[in-house]
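The values are calculated or read from the model by the stated rules, or taken from the named source; none is laboratory data. All of these numbers come straight from a predicted model, not from anything done at the bench. All Cβ positions, even for glycine, are placed from backbone atoms using ideal geometry, and neighbour counts span all protein chains on display.
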Amino acid sequence: MTKILIVDDQDDMRAGIRSMLSLDPTFVTVGDLSDGLQVPAFLRDNAVDLVLMDIRMPGIDGVEATRRIREEHPSEQLRVIVLTTFDQDEIVLAALRAGANGFLSKTVSPSELVAGITEVMAGGGALSAAATTALIGYMTDKPPAAVDGDLLQRFGALTPRELDVIILVASGLDNHEIAAQMSVSPFTVKTHAIRAMTKVGARDRAQLVTFTFRAGLYP
């Protein structure tokens with residue numbers, strides 16, 4: 001069972017997410033909070049596997065709330081998926097740096113929500129098309145001032161096939177689109193991506209995209 005905490009200042013949004021989560025018997029909603037300030041105390045008193053975090057809330061926003069979570073709970077113990085409308089590219093990067101494991105739109109469908117949570121809990125990173133576009137847009141508009149030599153060296157450990165997949169991931173394609181372009185199965189694409197993440201030390205797909213740009217490997 002995956003124990004989930006919902007954090008959103010809108011009552012109807014929390015109710016809607018609860019309703020979607022109830023469709024999967026492996027998910028258990030252990031609480032919902034309207035303020036990011038309440039999150040650290042709740043996590044100290046309750047067992048939680050995943051936090052669904054709204055990005056904009058009164059008190060502190062989702063980025064700061066995620067940062068405070070990471071002060072006490074490493075990514076291996078507690079996953080965080082940020083829910084946002086992606087109207088500002090900087091928010092995606094800020095949440096990633098704060099320790100978020102994935103990003104999903106607040107208009108996510110029940111099936112997309114289930115798939116995203118499943119992916120993150122399996123060690124991957126839910127990165128919707130909107131999140132990918134926002135992240136890539138930010139990195140393209142404001143590229144790193146210099147190539148990170150250490151990261152570039154890590155990418156040198158990738159096989160040519162893994163590197164091909166990573167460049168396509170950083171261009172904004174999903175696994176099915178990459179599979180079609182490379183004439184392989186989506187499972188093969190996912191396998192290459194996971195191996196690449198392990199080799200370069202990226203905790204999820206979102207961080208992998210950022211690392212690719214920081215290593216100077218632009219699509």
Within the range 61-76, can one find any residue that is in contact (Cβ under 8 Å) with a residue 60 or more places away in the chain and of a type in the set (Gly, Ala, Ser)?
yes
If I ask for residues that are within 18 Å of GLY156 (Cβ to Cβ) and more than 16 Å from the chain's Cα centre (by Cα), which ones from the range 176-197 would you list?
HIS192, ARG195, ALA196
Going through the range 14-37 one residue at a time, which ones are out of contact with any Phe, Trp or Tyr (no Cβ under 9 Å at 6 or more places or on another chain), touching a residue at least 12 places away in the same chain (Cβ under 8 Å) and more than 17 Å from MET121 (Cβ to Cβ)?
ARG14, ARG18, ASP32, SER34, ASP35, GLY36, LEU37
If you take the residues in the range 1-35 that are over 20 Å from MET57 (Cβ atoms) and more than 21 Å from the chain's Cα centre (by Cα), which one is surrounded by the fewest Cβ atoms within 10 Å (Cβ to Cβ)?
PRO25
Filter the range 40-65 down to the residues that are at pLDDT below 95 and of a type in the set (Val, Ile, Thr) and list them by number.
ILE55, ILE60, VAL63
